[in-house]
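Encoded as structure tokens, the structure appears first; notes follow it.
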Amino acid sequence: QFNADIAQLMSLIINAVYSNKEVFLRELISNASDALDKIRYQSLNDKDALSAEQDLKIEIIPDTVNKTLTIRDTGIGMTKEELINNLGTVAKSGTKSFMEAIAAGADISMIGQFGVGFYSAYLVSDKVIVRSKNNDDEQFVWESSAGGTFTVRPDTHSPHQMPRGTEITLLLKDDCVSFAEEKKIKEIVKKHSQFVSFPINLFTIKSEEKEVDDSDDEDDDDDDADVDNEEANVEVSEKKEKEKKEKKTETVTTEEWELLNKQKPIWTRNPNDITKEEYVAFYKTISNDWEDYLAVKHFSVEGQLEFSGLLYVPKRAQRMIGRII
């Protein structure tokens, strides 16, 4: 069973009448980015940490037919114990604080500041399935329909095997299927996650019409060599005329991954080329703040060590501010 505070939080989210539900994708991508950061830092001291999977990336797989949306990362993953504790039985310090903030009139979009952004998935989902593989454990799957309970079981015989990382599949509510549409996903990622430092790839299916060669088999005419030349010429002429009028086509479908966050890291760009809106978007990506910043300093240092950076000052004290990019 869920911890009492977590159960109360989930009930609040599920029953919330909230129009800006798109924040769920921002939070899940942010969590995926954090997991990738953790395995990258671990690899600095453990050269084998990345042996199972070298590529650090985030993948989004929409499925409008089955009404699902999957967010997958190749980050640090979770053990069975971590799945139970992190997603169900151990309430984070921010759980109660977030509910108190909501009761005081705060916006649900600030959920990430309190470390409970995962549960925003229930803004759009009837059920959430989490598969995770950590280097120190087998693959396990966590499931919950938010009815006060969850299950965790081994997932070693599932076709969804991962070398390492976490895969979150959302079974979308009927009125939230639009979040599995390619255009919608691109809009949300551009708005909230374009400055995430790891590649975000969207699984897409492209369809296009192509002309096909529908000419008759020439071998069928081998026995007609003695046909009158004039009659043959008439047939050829009619055939060509028909081909001009009717060009047959077929639909060719291809599957491919499309990179969504192509933006050059903002701190490496010329400050004169960066707009206020871009500074604000990046600030909200790294801080989960729902307000604009108070001040920003874009600087560079040159010498034996060269680097550039951004320093933001928030309008109010933050609980979880501060991330290394």
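The values are calculated or read from the model by the stated rules, or taken from the named source; none is laboratory data. These numbers were taken from a predicted model, which means no experiment stands behind them. Cβ sites come from the backbone with ideal geometry, for glycine too, and all protein chains shown count toward neighbours. For accessibility, only protein heavy atoms count, side chains too; no ligands or nucleic acids. Shrake-Rupley method; radii C 1.70, N 1.55, O 1.52, S 1.80 Å.
Work out how much length Trp257 to Lys210 would gain on full extension: take 0.36 nm times their residue separation and subtract the Cα-Cα distance, in nm to one decimal.
Numbers: separation 47, 0.36 × 47 = 16.92 nm, distance 2.15 nm.
In short, 14.8 nm is gained.
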HN-Hα J in Hz across the stretch 40-45 - Karplus 6.51, -1.76, 1.60, θ = phi - 60°, x for Gly and Pro:
5, 5, 5, 5, 5, 9
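If you place +1 on the Cβ of every Lys and Arg, -1 on the Cβ of every Asp and Glu, and leave all else neutral, what size is the dipole of the stretch 1-66 about its Cα centre, to the nearest 20 Debye?
On the way: 6 positive and 11 negative charges, 29 e Å.
Its charge dipole is roughly 140 debye.
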Got a sec? What order do Trp290, Trp257, Trp142, Trp267 fall in by accessible area at 1.4 Å, biggest, i.e. largest, first?
Trp257, Trp290, Trp267, Trp142
Taking only the C-alpha atoms, wrap a convex hull around the stretch 43-101 and report its volume per residue in Å³ as a whole number.
183 Å³
With a 1.4 Å probe and all protein chains in place, put Ser43, Ser207, Ser33 in order of accessible area, largest first.
Ser207, Ser43, Ser33
Could you report the accessible area of Val152 in Å², rounded to 10, computed with a 1.4 Å probe on the protein chains as they sit in the structure?
40 Å²
Filter the chymotrypsin sites (Phe, Trp or Tyr not before Pro) in the stretch 1-60 to those in DSSP coil with at most 16 other Cβ atoms within 10 Å of their Cβ, and list the result.
Tyr18
Which of Gly94, Val130, Ala180 sits farthest toward the positive end of the charge dipole of the stretch 94-205, with +1 on the Cβ of Lys and Arg and -1 on the Cβ of Asp and Glu?
Ala180
Distance violations [Cα-Cα > 25 Å] among Lys96/Lys183; Lys21/Lys191; Lys127/Lys184:
Lys96/Lys183
Over the chain, with every protein chain in place, what whole percent of the accessible area is carbon and sulfur at 1.4 Å, could you tell me?
46 percent
Using a 1.4 angstrom probe on the protein heavy atoms only, line up Glu256, Glu302, Glu167, Glu143 by accessible area, largest first.
Glu302, Glu256, Glu143, Glu167
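So, counting K/R as plus one and D/E as minus one, what does the shell of residues with Cβ under 13 Å around Glu278 add up to?
Values: positive: Lys190, Lys191, Lys264, Arg269, Lys276, Lys284; negative: Asp273, Glu277, Asp292.
My count for the surroundings of Glu278 gives +3.
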Whole-Hz ³J(HN,Hα) from phi, Karplus 6.51 cos²θ - 1.76 cosθ + 1.60, for the stretch 165-171, glycine and proline x
x, 9, 10, 10, 10, 9, 8
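In debye to the nearest 20, how big a dipole does the chain give about its Cα centre with +1 on each Lys and Arg Cβ and -1 on each Asp and Glu Cβ? It would help to have the intermediate numbers written out before the result.
Values: 41 positive and 63 negative charges, 874 e Å.
Magnitude of the dipole: close to 4200 debye.
In nm, what is the difference between 0.36 nm times the number of residues separating Lys248 and Arg316 and their Cα-Cα distance?
Details: separation 68, 0.36 × 68 = 24.48 nm, distance 6.46 nm.
Computed gain between Lys248 and Arg316 is 18.0 nm.
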quick note, the chain, DSSP beta bridge pairs, % antiparallel (nearest 5) is 95 percent
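Using the Kirkwood radius over C-alpha pairs as Rh, can you work out the diffusion coefficient of the chain via Stokes-Einstein at 37 °C, viscosity 0.692 mPa s, in µm² per second? It would help to have the intermediate numbers written out before the result.
On the way: Rh = 23.1 Å.
The calculation lands on 142 µm²/s.
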Could you tell me the calculated FRET efficiency between Lys47 and Thr156, based on Cβ-Cβ distance and R0 = 41 angstrom, to the nearest 0.05?
0.95
